[in-house]
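Q: The following block contains the structure, expressed as structure tokens.
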Amino acid sequence: MCKASITSVLILGGTSEGYALAEALADRADLRVVTSLAGRTSEPRRPAGALRVGGFGGVDGLAAYLAGGRIAAVIDATHPFAATMGDHAAQACADLGLPLLRLERPAWAPVPGDRWEPVSDWYGAVVALRMLGARRVLLAVGRQALAPFALLDDVWFLVRCVSPPSPLPAFAHAELLLDRGPFDLDAERMLLEAHNIDCIVCKNSGGSASAAKLQAARERGIPVVMRERPPRPALPAAADVAAALVWLRDVLAPQP
């Protein structure tokens, strides 16, 4: 009796959607699901299925991994701001003729009452803070994007990160808060009130885990300096796991 063939699928992960997709595929006996994480956090949450951690070594390294692992399909479920990995995946999959899906939660959109200042980079955010006259700022941009804000020596920052920056830039006035979402609306309200926050700086990550700060800012009437998402290659896209499962079913279906 012939053993049923097993198809390998690579998830470029790091988001809640990537974890949920791996979980949804975990019991499939016909699939080997590998999630790749960048390794930027010291103790990442382990996804269902196989795990690899670290970079691939550019487009050529990723292409070699895909070919060597006999990967049949790739789902890019990286963070909306992980543009370099997305570009590498698009190029490597195009070179090998592999199907590639972008699994990405929808971006946040302003609603009546929001005071958003959209920017395309962090130095633009620094300029926006000066124009707004901000003095006490919740900085929720991730630990790798802090350095430009240390230029503002007349602003106090509440720097919220998942893990400690190494090193923390030389802010003139700052307090470090280590915390991980999801964040509760009442807690966000209290945080802004307790620290007298008059502006928030963040990325347009989308999703519900960190959206409460936007409602709290709206209620408080304070501006949000919002970094817009970087452009991504034109790819098939899914906004949720259910749509990604349909795409995967179709691309892996035997051809007539």
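Q: Leaving ligands, DNA and RNA out of it, rank GLU23, GLU117, GLU104, GLU219 by accessible area with a 1.4 Å probe, largest first.
A: Details: GLU23 120, GLU117 75, GLU104 50, GLU219 100 Å².
My answer, sorted largest first, is GLU23, GLU219, GLU117, GLU104.
Q: How much length is gained if the chain between VAL162 and ALA94 is pulled fully straight, taking 0.36 nm per residue apart and subtracting their Cα-Cα distance, in nm to one decimal? Numbers along the way, then the final one.
A: Numbers: separation 68, 0.36 × 68 = 24.48 nm, distance 3.44 nm.
Full extension of this stretch gives 21.0 nm more.
Q: Report the far tail of the P(r) of region 54-141, meaning the percent of Cα-Cα pairs longer than 16 Å.
A: 65 percent
Q: Okay, next question. Using square roots of five times the C-alpha gyration tensor eigenvalues, list the equivalent-ellipsoid semi-axes of region 101-159 in whole Å, biggest first.
A: Those come to 23, 16, 10 Å.
Q: When the accessible area of the chain is split by element with a 1.4 Å probe, what percent falls to carbon and sulfur?
A: The computed percentage sits at 54.
Q: Let me ask something else. Please give the solvent-accessible surface of ASP30 in Å², to the nearest 10, using a probe radius of 1.4 Å with every protein chain present.
A: About 60 Å², rounded to the nearest 10.
Q: Please give the per residue accessible area of region 140-206, computed with a probe of 1.4 Å over protein heavy atoms only, in Å².
A: On a per-residue basis, 48 Å².
Q: OK, next. By what distance, in whole Å, do the Cα atoms of region 107-256 stretch along each of the three principal axes, largest value first?
A: 67, 32, 27
Q: Starting from the residue with the highest accessible area, list MET131, MET85 in decreasing order, probe 1.4 Å. Can you show the working numbers first?
A: On the way: MET131 160, MET85 50 Å².
So, going from the largest accessible area down, we get MET131, MET85.
Q: Report the accessible area of ASP198, computed with a 1.4 Å probe over the heavy atoms of all protein chains in place, in Å² rounded to the nearest 10.
A: The value for ASP198 is about 50 Å².
Q: Okay, next question. Does anything in region 177-204 have its amide N under 18 Å from the 7 Å Cα→Cβ label point of ALA109, and if so which residues?
A: Only 204 fall inside the zone, counting backbone N under 18 Å.
Q: Using only protein heavy atoms and a 1.4 Å probe, report how much of HIS79 is accessible, in Å² to the nearest 10.
A: In the full protein context, HIS79 sits at about 60 Å².
Q: Scale the Cα Rg of the chain by the rule-of-thumb value 2.2 N^0.38 Å and send over the ratio, two decimals. Let's see the in-between values first.
A: Numbers: Rg = 20.5 Å, N = 256, 2.2 N^0.38 = 18.1 Å.
For the chain, the normalised Cα radius of gyration is 1.13.
Q: Given the chain, what percent of its DSSP beta bridges are antiparallel, to the nearest 5?
A: On the way: 0 of 41 bridges.
Antiparallel bridges: around 0 percent, rounded to the nearest 5.
Q: Under the rule of -39500 (n - 2.57) per DSSP H run of 4 or more residues, summed and divided by the residues of the chain, what mean residue ellipticity at 222 nm is obtained, to the nearest 500 deg cm²/dmol?
A: Calculated at 222 nm, the ellipticity per residue is -9000 deg cm²/dmol.
Q: Quick check: Cα centre of region 159-219 to Cα centre of region 88-110, how many Å?
A: So the separation of the two Cα centres works out to 29 Å.
The values are calculated or read from the model by the stated rules, or taken from the named source; none is laboratory data. Just so we're clear, the structure is a prediction, and the values are computed from it rather than from any experiment. Note that we place each Cβ from the backbone using ideal geometry, even for glycine, and neighbour counts take in every protein chain shown. We work out accessible area using only protein heavy atoms, side chains counted, and drop any ligands, DNA or RNA first. Shrake-Rupley method; radii C 1.70, N 1.55, O 1.52, S 1.80 Å.
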